[in-house]
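The values are calculated or read from the model by the stated rules, or taken from the named source; none is laboratory data. In this text the structure is predicted, and so the values were computed from the model without any measurement. Cβ sites come from the backbone with ideal geometry, for glycine too, and all protein chains shown count toward neighbours. Keep in mind that these areas ignore ligands, DNA and RNA; they rest on the heavy atoms of the full protein, side chains included. Shrake-Rupley method; radii C 1.70, N 1.55, O 1.52, S 1.80 Å.
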Amino acid sequence: MTDVLNFLVAAVLALCPLLLGTLGETLTEKSGNLNLGVEGMMFMGGVAGLAGSIYYEKAAAHPVAWVSVVIALVCAFLCAAFGAFLYSVLTISLRANQNVTGLALTIFGTGFGNFFGELLGNSAGGYAAVGDVTKGAFNNGIFPGLANIPVVGKLLFSYNFMVYLSIALALVMAYILYRTRTGLNLRAVGEKHAAADAAGVNVTAYKYLATCVGGGISGLGGLYIVMNSSNGVGGVWVHNCIAGYGWLSVALVIFATWHPSRAILCALIFGGLSVMRYYFPVSFIPSSIYEVFPYIATIVVLVSVSMRRRRKNQPPASLGLAYFREER
Amino acid sequence: MNETSIRDRKEPFARIVKRDDISRVKAWGIRLAAILLSLLAGGLLILALGHNPFAVYRDMVTGSLATKTALIATAKIAIPLLGAAISIAPAFKMKFWNIGTEGQIMAGALAASYFALFQHGNMSRPVLILVMFAASVVAGGIWGFIPAFFKAKWGTNETLFTLMLNYIIIGIVKYLRMGPWKNPASGGFPKIAMFDDAARLPSVFGVNIGWIIVLALAVLMFIYMRYSKQGYEIAVVGESVRTSKYIGMNVPKVIIRTIVISGAIAGLVGCLIVAGSAYTLSDTSSGGYGFTAITVAWLGGLNPFAMIIITVFLAVLTKGANTIQTNFKIPASASDVLIGMILFFMLGCEFFIKYRLIFRTRRRIEVVPND
Amino acid sequence: MDPLNAIEMRDITKTFGQVLASSHISLDIRWGEILALLGENGSGKTTLMNMLSGIYFPDSGHVHVSGKEVTIRSPKDAIALGIGMVHQHFKLVDNMTAAENIVLGLRGSWRLDLKKISAKVREISERYGFNINPDRKIYDMSVSEKQTVEIVKVLYRGANILILDEPTAVLTVQETEKLFAVLRSMRDDGKSIVIITHKLHEVLALSDRVTVLRKGVYIDTVKTSGATAQSLTEMMVGRAVSLNIDRPAPVKPTPRLVVKNVSCMDDEGVKILDDVSFTARSGEILGIAGISGSGQKELLEGIAGLYPLAGASSIQYFPDDSGQATELVGKRPRQIRDLGVALSFVPEDRLGMGLVGSMDLSDNMLLRSYSEGRNFFTNRKAPKKLAEDVVEQLRIATPGVSTPVSRLSGGNVQKVLVGREISVSPTVLMTAYAVRGLDINTSYTIYGLLNEQKKAGVAVIYVGEDLDVLLELCDRIVVLCGGRVSGIVEGRATTKEEVGLLMTSLKKEEAP
């Protein structure tokens, strides 16, 4: 029983970066942009947030946890959004191929993260990490009182703020997409650029905004991976630490059929798959094979999604296309 | 109605107009300018880090080209990079976004390693090397076949599928390294043994024969894509699946055949890496070549000859990045950042080849709204 | 500035690359009138109106709305000025409801109150006698319903200047009448209405004034009451033309394609073709009429082996008069060709299906022949020769055979496609909307080519949308309605009304 409980708690913790990456990409794809650079943006967000906290801690005599957190979040969001902005300029304004631009952003962002991550260490004499204040803020539960309730407390109230933030974000995003004019306009942009344009929606502005905000949200996922200590030290740059998460997020968008609230469940399943080997080791499955289960699951999902095509649950119809009003 | 919003409006600042045609020279001039601009942007980054960009760039060039050792090291990077880019070309021409080259390389490396490690005693050296080539081609082909089959049959998203296969094959190699293939002589350290001398590729001019193989592949791929019926089919499927069906092509067959070829070439590249320079297998054998090769293929416009030039350029950057890491303590990941920037500029410059901007010339018109 | 004028366009010029789409055009639109904008395909009607609706921006010229000069930079500006346009290709989001499409892009409370919006949509619909369900998804709607949504969308935005681009192209005779009644009542409300069309009888039936454009140039504006079909045609084409299409009598027609009990379903399991049977004969043009989406596309694709047909379907192909038949159902296109079946197909989607836009003329000719022979390499000489011949014979305007076909004008693209398809000397030639988007001259060239094929003994199948053309060109007409054959009529004996009725009714009628 405790095994199951511990597993579920670990799964929720593992859900967070995937959910943030997925939410960001969902928002982006709703505008018709297929940004394959999620991985790159997560790297950019992760390293920028880490650097923000480290420099703040260095500058402040007595670092305050929430200030450090806010600085990290803002830096991560802005840096990843900047990556998304580069992508937007190239694909929206300059009409470059979205697939290749996304891959370029992955190469650039991965390089960017590792480059500055190592530079951060080099400049501090070989090792740079955030202090306990910041690390605690990113890892400790925010409802210490409630968390002591047996079972339920641990299952529902024991998490750090990022977990709650990501779930809240999913719900807010679902509300905006399906219940507000902004969401309606955005969905129309992704479905049919020309229709949205003719109806007076500023297609370019919506695409830029959705892509940049989406990129920023994905970047927060990168920050979580860097700061979280559940599968490593936490608060320090580890070479290639984010590798794989961004791509899983892109796959999860398809799994969640472009729906933010469904993304919560999908991210939970994948989070569970990625930590399962620690809680339910199977003697005849070596750990290095167990590790690839999420990737096999992704393939199963991709194949099954493609085998049953329905009118509902389809990607935005204009996904991957550029728009030029005067094109004839 | 919202009249005020119109009051301040004037003619757009710039309008975009499609170019009818542009001379080849001008188009390449624009591309060259883009590369120079990206190097300039890289220079600014270096400057911001407190180094002299000229010194850094100079060291990158000398560190990769000036001595024979440096040249050989650069060639060792260029061989798999060009091979991987050649493997990507037909897939991308067909608009099959294969980003699983990395995994296909690994599959080929794995298959070749099996014979190099465990069968080297059973055959003569030429036979062994030929068998390793064949095994890597088959393994890479299989690793390409899997996603191609699902794409052809159900339209399964190939980008993610091929990518996931990368992680899976890496997991398998990791398992072999830590378990069945672990070298008992490595003292508890989970490592695969070095290849027997018989399983190492011979050298020509100080570099393993891989360079001859990839250059030959470049020529063959050029001919295949431009003059063969299969190459024509790839181009038509890439442009329009509906046209291909209308004209009676067996589209699934074309997709599967092309990606198997693509994967097979990548598999061969895997063999060139393990038997030509690494002399062992590890879970980092593919070394990111599969990803960088996407850049090469795209920048070269999927033309194998143009890809040779781009390969040399990127190999110099990569080797040079190692040099500046030693000389200036700039992390070697700088090469990825630079490659990313070059790619951004190159992708962006295509716009200026296809379109022209017309800037506002007329005086501002006084706009009075309807009421 | 005349206060009677809703819009004054002055000296408007617009170019696309080398193409002059509008050349120094000046035009007035009055309040409370229906103005017909008449011109051939490619005369620049749509381009001109798109500059009012904010889709295109003019290179030079001035626009006045209600007497004040304005600059329209985007559709948003046009909406704010009370200009609304119903485009020929509807600008609706398929998987949203009518109400969602109607409020798209409008300001209002951030939260979307669809109940309130639906109520307002119903109110507007009732005022003008429309019948739409605001909560229905667009993909579940018929073309005429979609058009209604577009009109309501424009009215919801408070437009008082309405532009409709070829609104009747997709409507039946009855639906057209209903639309015209609505437009008249809007005019009587004081709104300005512009209808873009190339159909003369509609101009005469509906409009108050007619403005004629030809090749991007303004010709004249006349009162409809003083115009005739002949005078308008001359203005439109620039010379006196006879509008009669040649129709030689068929010589010894024998069956070439016997279509029996053909049925098929789409991905969602909806029946698209239901028990369709007819015979195409040599030396004959067989027309296929029906409102768009009645199964025409699937029928032709089914015959060509591109669309899966139900098991009971049978299509028998007779290569000559010997009575030897080949069954086509269940075979793939390549198999059909390998059997020696000489079947040519000019599909509706020229650049997306019939040709590859980014490839040049030679390589597009190669599409048909590349697979011949066992050689590993392609033979590019023969297609190049063929391309040169087709360019010469059909007088295709192109810089050369190595120009990508997407650079050619619509008419020349169609000539390339038709030229390639008849070059293989087919026994059966199928064409889908062969003259859509072409000017009168090119259209007559195409009719001429089809008649030549007919005289050479080819069985021609002509899927068309213009009833006038179908009635003048075809020997027999199969009328489809909802995927069923609602009648097969003699081209020389039938009337437009009869065919129009068959298009909407399911009553089976036999040819006399």
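Structure values in brief
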item: Number of the condition not met by B:Leu302 [criteria: (1) at pLDDT 90 or above; (2) surrounded by fewer than 23 Cβ atoms within 10 Å (Cβ to Cβ); (3) part of a helix (DSSP H, G or I)]; result: (3)
item: C:Pro347 vs. criteria open to solvent by 60 Å² or more (accessible area, probe 1.4 Å), touching a strand residue (DSSP E or B) at 6+ places or on another chain (Cβ under 7 Å) and within 14 Å of chain B (Cβ to nearest Cβ); result: no
item: So B:Gly270, is it over 18 Å from B:Val137 (Cα atoms), open to solvent by less than 20 Å² (accessible area, probe 1.4 Å) and not polar (S, T, N, Q); result: no
item: Subset tally (residues that are part of a loop (DSSP other than H, G, I, E, B) and either of a type in the set (A, V, I, L, M) or open to solvent by less than 80 Å² (accessible area, probe 1.4 Å) (or both)) for region C:368-379; result: 4
item: So A:Asn35, is it in a helix (DSSP H, G or I), of a type outside the set (Asp, Glu) and farther than 17 Å from A:Leu165 by Cβ; result: no
item: Inter-residue pairs, beta-carbon under 8 Å, first closer than 16 Å to B:Lys174 by Cβ and in region B:279-298, second among the acidic types (Asp, Glu) and crowded, with 24+ Cβ neighbours inside 10 Å, 6+ apart; result: B:Ser286/B:Glu102
item: Residue match in region C:77-86 (condition: among the charged types (D, E, K, R) and open to solvent by 10 Å² or more (accessible area, probe 1.4 Å)); result: no
item: Any hit, region A:162-170, residues being open to solvent by less than 60 Å² (accessible area, probe 1.4 Å), within 30 Å of C:Asp113 (Cα to Cα), within 14 Å of chain C (Cβ to nearest Cβ) and part of a helix (DSSP H, G or I); result: no
item: Any hit, region A:176-186, residues being touching a residue at least 40 places away in the same chain (Cβ under 8 Å), farther than 19 Å from A:Gln98 by Cβ, touching a helix residue (DSSP H, G or I) at 6+ places or on another chain (Cβ under 7 Å) and surrounded by fewer than 24 Cβ atoms within 10 Å (Cβ to Cβ); result: yes
item: Test: residue in region B:164-178 that is more than 17 Å from A:Ile289 (Cβ to Cβ), open to solvent by 20 Å² or more (accessible area, probe 1.4 Å) and out of contact with any strand residue (DSSP E or B) (no Cβ under 6 Å at 6 or more places or on another chain); result: no
item: From the options C:Thr221, C:Thr211, C:Thr168, residue that is open to solvent by less than 10 Å² (accessible area, probe 1.4 Å), among the polar types (S, T, N, Q) and part of a strand (DSSP E or B); result: C:Thr211
item: Any pair with Cβ under 7 angstrom, 6 or more apart, that starts in region B:174-185 at a residue that is facing chain A (nearest Cβ under 8 Å) and ends at one that is in a helix (DSSP H, G or I); result: B:Lys174/A:Ser288; B:Tyr175/A:Ser288; B:Tyr175/A:Ile289; B:Met178/A:Ser288
item: Residue check, B:Gly121 of a type in the set (Gly, Ala, Ser), open to solvent by 40 Å² or more (accessible area, probe 1.4 Å) and over 17 Å from B:Met94 (Cα atoms); result: yes
item: Out of A:Ala243, A:Ala251, sole residue that is in contact with a Ser or Thr (Cβ under 7 Å, 6 or more places away or on another chain) and either within 14 Å of chain B (Cβ to nearest Cβ) or not in a helix (DSSP H, G or I) (or both); result: A:Ala251
item: Within region B:88-104, tally of residues that are part of a helix (DSSP H, G or I) and surrounded by fewer than 24 Cβ atoms within 10 Å (Cβ to Cβ); result: 2
item: Some residue of region A:257-267 being out of contact with any Phe, Trp or Tyr (no Cβ under 9 Å at 6 or more places or on another chain), of a type in the set (S, T, N, Q), open to solvent by less than 40 Å² (accessible area, probe 1.4 Å) and over 24 Å from A:Asn160 (Cα atoms); result: yes
item: Sole exception among (1) open to solvent by 60 Å² or more (accessible area, probe 1.4 Å); (2) closer than 28 Å to B:Ile79 by Cβ; (3) β-branched (Val, Ile, Thr) for B:Ile256, by number; result: (1)
item: Of all residues in region A:186-221 being within 14 Å of another protein chain (Cβ to nearest Cβ) and of a type in the set (Lys, Arg), the one that is farthest from C:Ile163 (Cα to Cα); result: A:Arg187
item: Matching helices (runs of 4 or more DSSP H) fully within region C:409-500 where at least 1 residues are over 25 Å from C:Arg368 (Cα atoms) and at pLDDT below 90; result: C:440-455, C:467-473
item: Sole residue being under 30 Å from B:Thr292 (Cβ atoms), touching a Ser or Thr at 6+ places or on another chain (Cβ under 7 Å) and within 14 Å of another protein chain (Cβ to nearest Cβ), chosen from A:Gly121, A:Gly111, A:Gly126, A:Gly102; result: A:Gly111
item: Region B:214-241, residues that are open to solvent by less than 40 Å² (accessible area, probe 1.4 Å) and more than 14 Å from chain C (Cβ to nearest Cβ); result: B:Val214, B:Leu217, B:Ala218, B:Met221
item: Odd one out for A:Ala51 among (1) closer than 30 Å to A:Val203 by Cβ; (2) open to solvent by 10 Å² or more (accessible area, probe 1.4 Å); result: (1)
item: Out of B:Ala85, B:Ala152, B:Ala139, B:Ala112, sole residue that is assigned to a helix (DSSP H, G or I), within 14 Å of another protein chain (Cβ to nearest Cβ) and surrounded by 24 or more Cβ atoms within 10 Å (Cβ to Cβ); result: B:Ala85
item: Residue in region B:129-136 that is in contact with a Phe, Trp or Tyr (Cβ under 7 Å, 6 or more places away or on another chain), within 24 Å of A:Val253 (Cα to Cα) and in a helix (DSSP H, G or I) present; result: no
item: Answer from B:Ala278, B:Ala293 - the residue that is more than 9 Å from chain A (Cβ to nearest Cβ) and at pLDDT below 90; result: B:Ala278
item: Residue match in region A:173-189 (condition: among the hydrophobic types (A, V, I, L, M, F, W, C), on the phi < 0 side of the Ramachandran plot and modelled with pLDDT under 95); result: no
item: Residue count, region A:271-298 (criterion: within 12 Å of chain B (Cβ to nearest Cβ) and open to solvent by less than 20 Å² (accessible area, probe 1.4 Å)); result: 5
item: Qualifying residue in region B:193-209 (condition: modelled with pLDDT of 90 or more and either within 14 Å of another protein chain (Cβ to nearest Cβ) or on the phi > 0 side of the Ramachandran plot (or both)); result: no
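Per-residue answers, yes or no, for (1) closer than 21 Å to C:Leu183 by Cα; (2) buried (at least 16 other Cβ atoms within 10 Å of the Cβ); (3) not basic (Lys, Arg):
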{"position": "C:Leu112", "(1), (2), (3)": "no, yes, yes"}
{"position": "C:Gly129", "(1), (2), (3)": "yes, no, yes"}
{"position": "C:Ile132", "(1), (2), (3)": "yes, yes, yes"}
{"position": "C:Ile138", "(1), (2), (3)": "no, yes, yes"}
{"position": "C:Thr148", "(1), (2), (3)": "yes, yes, yes"}
